[in-house]
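These notes concern the structure reproduced below.
The values are calculated or read from the model by the stated rules, or taken from the named source; none is laboratory data. Nothing here was measured: the structure is a model prediction, and the numbers come from that model. Counting neighbours? That spans all protein chains shown, and the Cβs are built from the backbone with ideal geometry, glycine included.
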């Protein structure tokens with residue numbers, strides 16, 4: 001954070017000191033880091049520095065190859081963890097989650113994962129839920145949006 005002090009002298013008035021504070025973002029971008037990482041991966045002075053640079057380049061490449069993780073409204077639509085969990089989420093025009101599907105890659109191709117669907121009323125209250133295991137729930141709300149019925153089994 002940088003701090004500036006400005007000194008003004010206005011005739012027939014006392015000196016005015018104004019302090020302005022601003023934050024400068026110095027977070028490095030991948031574009032800025034890439035040449036340094038490539039250089040270190042090839043010319044690093046120790047095996048450890050070369051390996052660290054190569055590991056970071058590999059991580060960056062893996063991330064770049066991932067499907068888009070967010071939709072145009074900023075909702076997370078895809079996620080893949082390092083341990084094999086992967087999921088996809090769909091949203092309606094009001095950003096409510098309407099469909100979710102997961103898969104655990106570590107369990108192999110036979111893993112069906114979890115899947116569910118939701119419906120909402122005009123006030124964005126969740127009124128219906130069902131999942132791939134056959135569970136289903138219905139909810140009702142009063143005019144103020146308070147839940148008035150317990151989920152059905």
Taking residue 111 and the conditions (1) modelled with pLDDT of 85 or more; (2) outside any strand (DSSP E or B), which numbered condition does it fall short on, given that it satisfies the others?
(1)
Among the numbered conditions (1) closer than 30 Å to residue 63 by Cβ; (2) at pLDDT below 95, tell me where residue 97 comes up short.
(2)
